[in-house]
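The numbers here are math on the coordinates, done by the rules we state, and not lab data. Just so it is clear, the model here is predicted, and its values are computed rather than measured. Note that we place each Cβ from the backbone using ideal geometry, even for glycine, and neighbour counts take in every protein chain shown.
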Amino acid sequence: MTAPSPRGPAAAGPAPASAPAAKPGSRMFASLAVRNYRYFFFGQFISNSGTWMQFVAQDWLVFHLTGSTFAVGVTTALQFLPVLLFGLFGGVVADRYPKRRILLTTQGAMGLFAAALAVLTLTGTVEVAHVYVFAFLLGLMNVFANPAIQTFVPEMVGPERIANAVSLGAVNFQSARLLGPAVAGPLIVVIGSGWAFALNALSYLAVIASLLAVRAAELLPSKPAPREKGQVRAGLRHVREHPQLMLPIVLVGFVCTFGFNFPTLLSGFAYNVFDGGAKEFGFLTTAVGLGALAGALLSARRRSGSAVVMVVTAAAFGVLEALTSAAPGIWWFGALMVLVGLLNVTFATTANALVQLNTDPSMRGRVMGLYMLVYTGGTPIGGPVVGWAVQHYGARAGILACGLVAVAAAAVVGLVALRAPRAGAVPGD
């Protein structure tokens, strides 16, 4: 599935014959030339926009019900706890079964969960315990959806477009990150959180329709893994034996567990530092999304990446996040968070592409399951810790500590990388 690498596993298979070669001028959007990916991309955009609306509405609802940033952190933790507990098993499922079938099942279930939360909120019967339960159920579906998405994309675009498709996936997600909060903030203020949940429920119809429109004959499915004992251990062993996989995953784990806890940090700044409300929280979330979108677009234009880029951007992200602790006002803070968002996505897309391109196709589900476990599963640890720090020591101290953790992690991984085999590069030059 990946292109040959002198430092990684062998490649598998050519690109689909129906996928036209990308022209130099269209390199940024090369993967959209593939029909299946194009349909999936736009379906995901609509669904991701609804999801971001729900995230903002959910965080605001919990804070409104409890008045506690710690409770917001608990909600975030519950949303990602299933990935921490069962993420590796989700990768095994992605290697065993057709990805489209997994995604149709999980997206339908998540749409029903959003609809149920909408009904509870609109009828005025919602309690914080309800939000906690649905956050956990959403995370449970993501155990299976995340590795399925990560492994379905290479099946649609072929090996030579993986790096571009990863970056365009980030463009998709971050574009939705801009649109969702921009709509959710005013919507919550005017008519309440319940309608944001309802719109998210409807948004899942778009991604389900896009999956149904995929032409199976144009896919490059990997050979399903047989049911046998020790598959999780085999995936872990594969990562342990390849530094080009191990180092990005370790760094992503540390940076994401603490540095990416934006809901908790931004709610603390919006409500406690800048004495604002849902509108200010939406503004800060949008600022991060704007920078992240710029970072994703820049990543899509890049023809290559390396472990050096990954480590440097992780360190720069941490330094800048720490510096935001001294921002004198909300506009300065928002401007700095644009840059934080840019470095956030540049780091994440580089790490993701390195892992995808250096993974044996037969192991991709399990490896990406582990990747998504550390990418999102560390949040149940970091969320409450960061929420507790913000509540007891203030948002400024909390974001300073988060940034310093990212800097320390980048420094340690960088030193280890100097002594280990090189972590690979994204092909394309």
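Given labels modelled 7 Å from the Cα in the Cβ direction, how far is it in nm from THR105 to ALA411?
4.6 nm
Treating the beta-carbon of each Lys and Arg as +1 and of each Asp and Glu as -1, no other charges, what is the dipole magnitude of the chain about its Cα centre, to the nearest 20 debye?
1280 debye
With no solvent and one point per C-alpha, what does the Debye sum give as log10 I(q)/I(0) for the range 254-301 at q = 0.17, 0.28 Å⁻¹?
-0.58, -0.97
Report the paramagnetic label zone for LEU418: residues of the range 324-362 whose backbone N is under 12 Å from a point 7 Å from Cα along the Cα-to-Cβ axis.
Correct set: none at all.
Which Rg and Dmax, in Å, describe the Cα atoms of the range 200-275?
20.7, 56
To test your reading of the geometry: what angle, between 0 and 90 degrees and rounded to tens, separates the Cα axis of helix 69-96 from the longest principal axis of the chain?
With rounding to tens, the tilt is 20 degrees.
Rounded to the nearest whole Å³, what is the per residue volume of the convex hull around the Cα atoms of the range 182-329?
Taking only Cα atoms, the range 182-329 has a hull volume of 205 Å³ per residue.
Can you give me the Cα centroid spacing of the range 107-131 and the range 303-372 in angstrom?
Comparing the Cα centres of the range 107-131 and the range 303-372, I get a distance of 32 Å.
Given a Förster distance of 45 Å, report the FRET efficiency between LYS279 and TYR97 from their Cβ-Cβ distance, rounded to the nearest 0.05.
Calculated value: 0.55.
When N counts the residues of the range 265-393, how does its alpha-carbon radius of gyration compare numerically with 2.2 N^0.38 Å, as a ratio?
1.18
With every atom except the alpha carbons ignored, what do you get for Rg and Dmax of the range 54-115, in angstroms?
Radius of gyration, then largest Cα-Cα span, for the range 54-115: 15.0, 44 Å.
Would you mind giving the average projected area, over all directions, of the Cα convex hull of the range 102-161 in nm² with one decimal?
Mean projected area for the range 102-161: 4.7 nm², to one decimal.
If you fit an axis through the alpha-carbon atoms of helix 395-419 and take the longest principal axis of the Cα set of the chain, what angle between them do you get, 0 to 90°, nearest 10?
Helix 395-419 sits at roughly 20 degrees to that axis.
Given 25 °C and 0.890 mPa s, how large is the Stokes-Einstein diffusion coefficient of the range 88-206 in µm²/s, with Rh as the Kirkwood radius over Cα pairs? Spell out each step's value before the answer.
Values: Rh = 15.9 Å.
Using the Kirkwood radius from Cα pairs, D works out to 154 µm²/s.
Based solely on its DSSP helices, what 222 nm [θ] is calculated for the chain when runs of n ≥ 4 H residues each add -39,500 (n - 2.57) and the sum is averaged over all residues, nearest 500 deg cm²/dmol?
Value at 222 nm, helices only, nearest 500: -25500 deg cm²/dmol.
LYS279: which aspartates and glutamates have alpha carbons under 16 Å from its alpha carbon, excluding same-chain residues fewer than 8 sequence positions away?
In chain and number order, the partners are ASP59.
What nm distance separates the two modelled labels at HIS130 and ARG35, each placed 7 Å from Cα along Cα→Cβ?
In this crude spin-label approximation the distance works out to 4.4 nm.
Using a basic spin-label model with each label point 7 Å from the Cα along Cα→Cβ, how many nm lie between ALA213 and ARG301?
In this crude spin-label approximation the distance works out to 2.9 nm.
Quick one: Cα centre-to-centre distance for the range 135-153 and the range 188-250, in angstrom?
5 Å
In a Gaussian network model over the chain where Cα atoms closer than 10 Å are linked, find which of PRO98, PRO82, PRO263 has the largest mean-square fluctuation.
The residue that fluctuates most here is PRO98.
In vacuum, with every alpha carbon of the range 136-246 counted as one equal point scatterer, what does the Debye formula give for log10 I(q)/I(0) at q = 0.12, 0.22, 0.23 Å⁻¹? Two decimals, please.
Relative scattering, expressed as log10 I(q)/I(0), comes to -0.67, -1.45, -1.48.
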